[in-house]
Every structure is written in structure tokens, then in C-alpha cells.
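Asks: Below: one structure in C-alpha cells.
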Amino acid sequence: MKFSAFFALALAVSAFAQEAAPEQQGSPLMGFLPFILMFVVMYLFFIMPKQKEMKKLDAMRKALKKGDQVLTAAGIIGTVMSVEGNIVSVKTGSDTRLDFEQSAIVRVLNAEDKKAETKAAK
């Protein structure tokens, strides 16, 4: 959810809260309840899935090995030649070799091919 949408939603909730009967004095927690509920919903629908995705991406980067065909953040497709610490050497042409940080690797392409082969074999 964009910040502007969140801000508009917060204003709408506070406007409805002010329109409630002013003579009733509820607990201060009841005034914050809509904001607490919004945070819980945002956490469940936005933050938690992003954390899962980041863990999966990190595991994929740690499992890189020589011979994997990868796609980098710059859109370069190549084959992993070596993984030394945080640096991945990628062969892109017949004799072109580029060094990237592991965080620049977006996807392992041959892993998707293996998944497709196993589905076709079944």
C-alpha cells in the first residue's frame, strides 16, 4: 500500500472516530484500536510475505555453485565460474568474465529448467 493511501485511510478512520458520540469517554486504547488493527493487517499482507521472499532469495544466493546459469540485476545472463566469499565470477561470453557481489544475482535460471523437467517426467 502506498503511503498516500495509508495516510488517507488513517484520516478517514480518525474522522469516523471523531463523529462518534462525544459524551462517551472510552478508554484510550479504544482510540488507538483502528491504528493497531491497520498495523496488524499491513504486517500480515505486506511485511511478512516480503520477509519470506527475502529469506528465499538469500538461500538461493548462498546455494550458488559452479555451472549455474544466473540472471543478474543488470539483466546479464551468464554461467557461474566460481564463488569466493561474497564475490561471484560469471562467464558471459566465450572469454568474458565478470565479477559480481552475490546480492546482484537475481535468479538461477537452470533451477527453473530442472523444475520443468521433473514436472514433464511425471
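Asks: How many of the residues in the range 64-108 are of a type in the set (D, E, K, R) and either under 24 Å from Glu53 (Cα atoms) or not in a strand (DSSP E or B) (or both)?
Replies: Qualifying residue count, the range 64-108: 6.
Asks: Being farther than 11 Å from Val108 by Cβ and surrounded by 11 or more Cβ atoms within 10 Å (Cβ to Cβ) is the filter here; which residues of the range 52-63 pass it?
Replies: Asp58
Asks: Now for a different question. Taking the range 66-84 as the region of interest, how many residues are loosely packed, with under 14 Cβ neighbours inside 10 Å and within 23 Å of the chain's Cα centre (by Cα)?
Replies: The qualifying residues number 4.
Asks: From the residues in the range 99-122 that are under 17 Å from Arg61 (Cα atoms) and among the hydrophobic types (A, V, I, L, M, F, W, C), which one is modelled with the lowest pLDDT?
Replies: Ala111
Asks: State whether one or more residues within the range 64-72 are farther than 14 Å from Leu109 by Cβ and of a type in the set (A, V, I, L, M, F, W, C).
Replies: No; the residues of the range 64-72 include none that is farther than 14 Å from Leu109 by Cβ and of a type in the set (A, V, I, L, M, F, W, C).
The values are calculated or read from the model by the stated rules, or taken from the named source; none is laboratory data. This structure is a prediction, so every number in the text was calculated from the model and none was measured. Backbone-built Cβ (ideal geometry, glycine too); neighbour counts: all protein chains shown.
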